[in-house]
Ligand SMILES: [Zn+2]
């Protein structure tokens, strides 16, 4: 059982209103020795499904036999979450591109340094929970350096970034510390979002993380068998080039979509004209991110993500 809960609140700076800027972490200490598992969420402040899942996980894990420790950073970017923003409002930076951070840099850079020092450097395994926002919904898991652990989450679609893409899009993520510097097992989960009830996504996240913990032997119980899984190594992100109502026409997340089918269309809320039809990019694709309802978008917002099935593997 959990024998102790340590609340850790290291301060990294002072806000202009006089309040302390702290990292807020809960550390569950098990009765037996074992590794320290790190769970983080809301590093992007408008992706809070993971923070909700962490609340549920905390309640479940309180009554679960535990080997080692689980260090939870449920809200990595509090000011961004409070305003439902992807970027930190104080400096408009993407916190997840600023690692390992800089103690004498901007607010986000200082926060990244504190997260590196007090969280990423203190754990033996990292699970970082991301999601869609209150517009798009997403469903996939990254394979970084521990494929069995990524698979244990139980999602049907996994993504193994290729080396060339890694160099550009993932510089400055938490991976800079966990994978590149320290070499600890790391998984990034992308699940949830949209103007729909988040309960099923939160529950899947809870179930997935618990299964990962069983897989690593830190909580008891049998590892649940995985569904049929597909690993893509090429994902196209498609953004609307016009603002307006984005009407989804694509199949459900995890379903296949063929060349010639439309992902969606942008319709003017004013003239009711179709401003843009958005085709799927691959001969044979699989849906990874989309809008589940008619949502108002700006030109260039997140629209759709499609994985390429031609180069996918089991
Ligand atoms: Zn994110």
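Each value in this text was obtained by applying a stated rule to the coordinates, not by laboratory testing. Everything numeric in this text was worked out from a predicted model, so none of it was measured. Neighbour counts are summed over all protein chains in view; Cβ atoms, including those assigned to glycine, are modelled from backbone coordinates with ideal geometry.
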Coarse-grained scattering of the range 20-178 at q = 0.15, 0.21 Å⁻¹, given as base-10 log I(q)/I(0) from a Debye sum over alpha-carbon atoms: -0.85, -1.60
Here, residue 106 and residue 313, labelled 7 Å along Cα→Cβ, have an inter-label distance in nm of 3.9 nm
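Roughly what % antiparallel, to the nearest 5, for the DSSP beta bridges in the chain?
On the way: 43 of 65 bridges.
Of the beta bridges lying entirely in the chain, close to 65 percent run antiparallel.
What Kirkwood hydrodynamic radius, in Å, does the chain give when the mean of 1/r is taken over all pairs of distinct Cα atoms and then inverted?
Details: mean 1/r = 0.0495 Å⁻¹.
The answer is 20.2 Å.
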Given a 10 angstrom Cα cut-off, can you work out which residue in 22, 189, 141 is the most mobile in a GNM of the chain? 22
If you rank 196, 232, 7 by fewest surrounding Cβ atoms within 10 Å, what's the result? 7, 196, 232
Taking r as the C-beta separation of residue 63 and residue 292 and R0 as 30 Å, the FRET efficiency to the nearest 0.05 is 0.30
From the helices alone, meaning DSSP H stretches of at least four residues, give me the mean residue ellipticity at 222 nm for the chain, per-run term -39500 (n - 2.57), in deg cm²/dmol to the nearest 500. -5000 deg cm²/dmol
Determine, for each peptide in 71-81, 113-123, 52-62, the mean count of other beta carbons within 10 angstrom over its residues, then list the peptides with the highest first. 71-81, 113-123, 52-62
Spacing of the two label points (7 Å from each Cα toward its C-beta) at residue 199 and residue 7, in nm: 3.0 nm
Using only alpha carbon pairs under 8 Å that are at least six residues apart, calculate the relative contact order of the range 69-170 and give it in whole percent. 14 percent
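Please list 251-257, 284-290 highest first by mean number of surrounding beta-carbon atoms within 10 Å per residue.
Values: 251-257: 16.6, 284-290: 23.3.
With the highest mean Cβ count within 10 Å placed first, the list reads 284-290, 251-257.
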Sequence ranges 296-304, 174-182, 130-138, 35-43, ranked by mean other-Cβ count within 10 angstrom, highest first: 35-43, 130-138, 174-182, 296-304
Separation of the range 272-298 and the range 72-116 by C-alpha centroid, Å? 30 Å
Share of Cα-Cα pairs in the range 181-314 lying beyond 20 Å, as whole percent: 56 percent
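Once you have the Cα-Cα distance between residue 239 and residue 171, take 0.36 nm times their residue separation minus that, and quote the gain in nm to one decimal.
On the way: separation 68, 0.36 × 68 = 24.48 nm, distance 2.15 nm.
Using 0.36 nm per residue and subtracting the Cα-Cα distance, I get 22.3 nm.
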Relative contact order for the range 234-311, counting Cα pairs under 8 Å that sit 6 or more residues apart, in percent: 43 percent
When only C-alpha pairs under 8 Å and at least 6 residues apart count, what is the relative contact order of the chain, in percent? 16 percent
